[in-house]
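The structure appears below as structure tokens.
Values quoted throughout were computed directly from the atomic coordinates according to the rules given, and no laboratory measurement underlies them. Keep in mind it's a predicted model, so treat the numbers as computed, not measured. Cβ atoms come from the backbone with ideal geometry, glycine included; neighbour counts cover every protein chain shown.
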Amino acid sequence: MSVVAQERGSLSGRRIAGRSSLTAGQRRLVLSGAGLLGLAVLAALWWLGTDVLAAETSFVRRFSPTSAIPALITLVRGPDLWVHIYVSLQRVLIGLGMALIVGVPLGLLVGWSRFAEAATTPAFQFLRMISPLSWMPIAVMVFGVGNAPIYFLLAFAAVWPILLSTAAGVRQLDPHWLLVARSLAATGWETLVRVIVPGILGHVLTGLRLAIGITWIVLVPCEMLGVQAGLGYFILDTRDRLAYPELVATVIAIGIIGYLLDFAARSIVRRYAPGNA
């Protein structure tokens with residue numbers, strides 16, 4: 001073995017030893033610090049773009065973090081923002097519930113039956129590729145102004161990841177599990193509840209996590225359909241009042257809540273389906 005190869009081997013060995021010397025808690029601490037550093041860099045770029053590089057008379061200065069952060073603190077201390085957050089989260093939960101009611105049974109059917117998969121795949125792929133926001137005018141004309149069109153749009157956006165993940169989970173089930181259920185004379189309902197559903201739970205939760213992110217993104221434009229509450233409505237309200245610091249503060253709040261929702265979904269997946277985390 002050459003001297004260079006020996007040096008490379010010893011160097012890689014030292015790297016591996018250095019990595020293994022870190023405990024799990026220390027690794028999490030390092031990763032958390034890296035995440036905070038990334039957020040600090042983002043905030044610094046925001047401040048440079050609005051407070052330093054922008055001209056004194058520039059309209060961009062109205063969206064500065066030096067005015068948005070105090071506005072966010074004021075909103076958090078008052079009741080208005082919390083009312084809009086509650087209404088938005090309620091709509092998201094209802095939309096996700098509707099998507100689960102439709103997506104999981106259809107996913108079971110598509111994943112179990114090759115004929116159902118062949119019959120539905122072209123139609124599902126066609127509908128899935130249509131932006132949910134494209135349905136906004138039709139939803140308003142069909143359901144009227146209010147919560148109903150928002151529920152429809154959120155459910156339409158969320159159903160596809162749930163459906164496809166459920167179908168993928170059914171296809172990946174171990175056939176031996178089903179053979180064991182048959183050998184034990186399990187009924188169709190018992191096989192579904194005790195074998196299939198536990199076997200696809202990880203895929204369903206993964207699809208639900210994706211659906212949460214999609215619905216939260218779609219929610220804000222949906223709440224601009226003439227409703228009187230919600231974060232999307234509040235953004236329009238701050239714009240109309242020329243309250244630009246509050247507008248930016250609301251955008252920050254939307255990002256924070258979206259992050260917390262995804263964190264909660266990831267935690268649920270790790271808890272009940274660690275192999276899919």
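Lys and Arg at +1, Asp and Glu at -1: add these up for the other residues within a Cβ distance under 12 Å of Trp216 and post the number. Don't skip to the end; give the middle numbers.
Numbers: positive: Arg91, Arg209; negative: Glu223, Asp262.
Result for the neighbourhood of Trp216: 0.
Ile252 versus Arg27, label points 7 Å from Cα toward the beta carbon: distance in nm?
In this crude label model, Ile252 to Arg27 measures out at 3.4 nm.
Loop only by DSSP, 14 or fewer other Cβ within 10 Å of the Cβ. Give me the trypsin sites (Lys or Arg not before Pro) in region 213-277 that pass, ordered by residue number. Spell out each step's value before the answer.
Working: sites: Arg239, Arg241, Arg266, Arg270, Arg271; in loops: Arg241.
Filter output for region 213-277: Arg241.
For the chain, what is one quarter of the convex hull surface built on the Cα atoms, given in nm²? Intermediate values should be presented prior to the final figure.
Numbers: hull surface 97.4 nm².
Average projection, Cα convex hull of the chain: 24.3 nm².
Normalising by the residue count of the chain, find the relative contact order in percent from Cα pairs under 8 Å and 6+ residues apart. Provide the component values of the computation, followed by the final result.
Working: 271 pairs, mean separation 61.1, N = 277.
So the answer I get is 22 percent.
Using a Förster distance of 51 Å, how high is the FRET efficiency between Val41 and Ile268, based on the Cβ-Cβ distance and rounded to 0.05? Walk me through the numbers on the way to the answer.
On the way: r = 30 Å, r/R0 = 0.59.
Between Val41 and Ile268 the formula returns 0.95.
For the pair Ala34/Phe143, report the inter-label distance in nm, with labels modelled 7 Å from Cα in the Cβ direction.
Spacing of the two 7 Å Cα→Cβ label points: 4.1 nm.
Classify region 212-261 as rounded, prolate or oblate from the Cα gyration tensor: take a ≥ b ≥ c as the square roots of its eigenvalues, call it rounded if a/c is under 1.5, otherwise prolate when a/b beats b/c and oblate if not.
Working: a/c = 2.97, a/b = 1.32, b/c = 2.24.
Oblate is the answer for region 212-261, as a/c is 1.5 or above yet b/c matches or exceeds a/b.
Among Thr215, Ala157, Thr187, whose Cα sits farthest toward the positive end of the charge dipole of region 98-231 (+1 at Cβ of Lys/Arg, -1 at Cβ of Asp/Glu, about the Cα centre)?
Of the candidates, Thr187 comes out farthest on the positive side.
Please get the size of the charge dipole for the chain, origin at its Cα centre, with Cβ charges of +1 on Lys and Arg and -1 on Asp and Glu, quoted in debye to the nearest 20. Walk me through the intermediate numbers first.
On the way: 21 positive and 12 negative charges, 198 e Å.
That gives the chain a dipole magnitude of about 960 debye.
In whole Hz and in residue order, list the ³J(HN,Hα) couplings for region 68-83 that follow from phi through the Karplus curve 6.51 cos²θ - 1.76 cosθ + 1.60, θ = phi - 60°; x for Gly and Pro.
Once rounded to whole Hz, the list reads 6, 5, x, 5, 5, 4, 5, 5, 5, 6, x, x, 4, 4, 5, 5.
Give the distance, in whole Å, between the Cα centre of region 199-238 and the Cα centre of region 23-96.
Each part reduced to its Cα centre gives a spacing of 18 Å.
Among Gly78, Gly199, Gly188, which one shows the biggest mean-square fluctuation in a GNM of the chain, springs joining Cα atoms closer than 10 Å?
For the chain, modelled as a Gaussian network with Cα springs under 10 Å, the answer is Gly188.
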